[in-house]
1. Criterion first (within 21 Å of Cys129 (Cα to Cα), of a type in the set (Val, Ile, Thr) and not in a helix (DSSP H, G or I)) does Thr280 satisfy it?
2. Of everything in region 164-177, what is under 29 Å from the mean Cα position of the chain (by Cα) and over 13 Å from Leu41 (Cβ atoms)? Give them in sequence order.
3. Would you tally the residues in region 219-253 being under 14 Å from Thr39 (Cα atoms) and charged (D, E, K, R)?
4. Applying the selection to region 246-276, what residues are of a type in the set (Lys, Arg) and at pLDDT below 90?
5. Are there any helices (runs of 4 or more DSSP H) wholly within region 13-90 with 3 or more residues that are within 16 Å of Ile183 (Cα to Cα) and not hydroxyl-bearing (Ser, Thr, Tyr), and if so which?
6. From the list Arg300, Arg265, which residue is touching a residue at least 24 places away in the same chain (Cβ under 8 Å) and either part of a loop (DSSP other than H, G, I, E, B) or in contact with a Lys or Arg (Cβ under 7 Å, 6 or more places away or on another chain) (or both)?
7. Among (1) open to solvent by 30 Å² or more (accessible area, probe 1.4 Å); (2) of a type in the set (A, V, I, L, M, F, W, C); (3) more than 30 Å from Ile309 (Cβ to Cβ), which single condition is Val155 missing?
8. Quickly run through region 8-43 and pick out the residues that are within 18 Å of Ala273 (Cβ to Cβ) and of a type outside the set (A, V, I, L, M).
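The values are calculated or read from the model by the stated rules, or taken from the named source; none is laboratory data. Only a predicted model underlies this, so the values are computations on that prediction, with no experimental measurement involved. With ideal geometry, Cβ positions are generated from the backbone for all residues, glycine too; neighbour counts draw on all protein chains shown. Keep in mind that these areas ignore ligands, DNA and RNA; they rest on the heavy atoms of the full protein, side chains included. Shrake-Rupley method; radii C 1.70, N 1.55, O 1.52, S 1.80 Å.
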Amino acid sequence: MRLEKGVISSLQLFFLVNCFIQGALLPLTFAYPISKHDTWLAVIAAMIIGSVIALVYISLANLFPGKNFVQINDLIYGPYLGKFISSQYSLFFLITLSGYLWFIGDFVLTFIMPETPMSFIMIMFAFVCAWAVRQGIEVIARMSVVFAFIPAIIVFITSAMLLKEMKFTNFLPVLEIPIRDLIQSTHIITHISFSQVLVFLMIIPSLNEQRRAKKPILLGMISAGLILVIGTLRNIATLGPLSPVVTSPSMEAVRLIDIGKILTRLEIFVAMAQILLLFTISCIFYYAAVLSIAQMTKLRTYQPLVVIIGVLSIVLALISYQSRMQLSYSIMYNTPIISLHFYLVLPFMSLIVAKLRKLPQNNGRN
């Protein structure tokens, strides 16, 4: 039984994925200290690796059309082991949501509203996300159509305005860093952006033509990935050796724009655009968390869980991280390793088990 009656088009799915990947431009800050001026290479490598991993997710969705991730786990592993695996993903969605709430609270506190309590920022942001999730996936998808264009346009315009400030010698020498650092940076970027497309296994059943999920997902990832590459090139060419040490390379790079003493302080537009993207990402994880829990507990609707999950995510965000340094260390060294279990090991294993059990042929009887 489908708990979500909303239906989205392939174009809307494309923009959802595009927003989802574009939102990694600010979190890319965690990769700069490791790969430095070669971060753009790490972004390209992460885009390629993430696209390959996404094919596994798409294959799972195509094997079980009309089924979300919780239902797929039940069909592959049985009702008990399947529920156990799905509960891990529900918790993972919730923890990821809390991480984004903390990140957006810290970002707004640092660059926009330094006198505002961080807890108040997170509560207000979670409240708006909860409203969107209650409206359903159709509303989130319609908003993403607008939200995808605004940050992309800002990246292109600010890059053009900063041409006179760019020094392309900042990219030299290429591949100066040790290869292990490039691999680690690629892993971090894959974790915070491309591999998280797994969450769309909870959304694909709402697609009006489910067999056509492959094209919008891959095109959304690649188009947004190219925007990430352009933004990263802009930051490195403009800031040079400062890019690994500043709090936010994107904000600091755009802050240098000064055209006739009129067009200045344009970093506020970057901030607002990224907030829109982080809002979309948070809504998607919020939606996946409430929908997966409702599916496992066999509720008729996920609506009663929206407020509960919102409160839990805020509490979890407040107790999980005490400082930006702690969050940075976790994202750079801990969560990429832990996430391999969710983004790589379990999906690959699920696809292999489904193939061995020939579940597409037995799907009707299951």
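1. Numbers: within 21 Å of Cys129 (Cα to Cα): yes; of a type in the set (Val, Ile, Thr): yes; not in a helix (DSSP H, G or I): no.
Answer is no for this residue.
2. Once the filter is applied, which keeps residues that are under 29 Å from the mean Cα position of the chain (by Cα) and over 13 Å from Leu41 (Cβ atoms), region 164-177 yields Met166, Asn170.
3. Residues meeting the conditions: 1.
4. Taking region 246-276 and keeping what is of a type in the set (Lys, Arg), we get 255, 261, 265.
Lys261, Arg265 - these are the residues of region 246-276 that are of a type in the set (Lys, Arg) and at pLDDT below 90.
5. Details: elements: 32-35, 39-63, 69-77.
Hits in region 13-90: 39-63.
6. Numbers: Arg265 fails: touching a residue at least 24 places away in the same chain (Cβ under 8 Å).
Result: Arg300 is the single residue among Arg300, Arg265 that is touching a residue at least 24 places away in the same chain (Cβ under 8 Å) and either part of a loop (DSSP other than H, G, I, E, B) or in contact with a Lys or Arg (Cβ under 7 Å, 6 or more places away or on another chain) (or both).
7. It fails just one condition, (1).
8. Residues satisfying the conditions are Phe15, Asn18, Cys19, Phe20, Gln22, Gly23, Pro27, Thr29.
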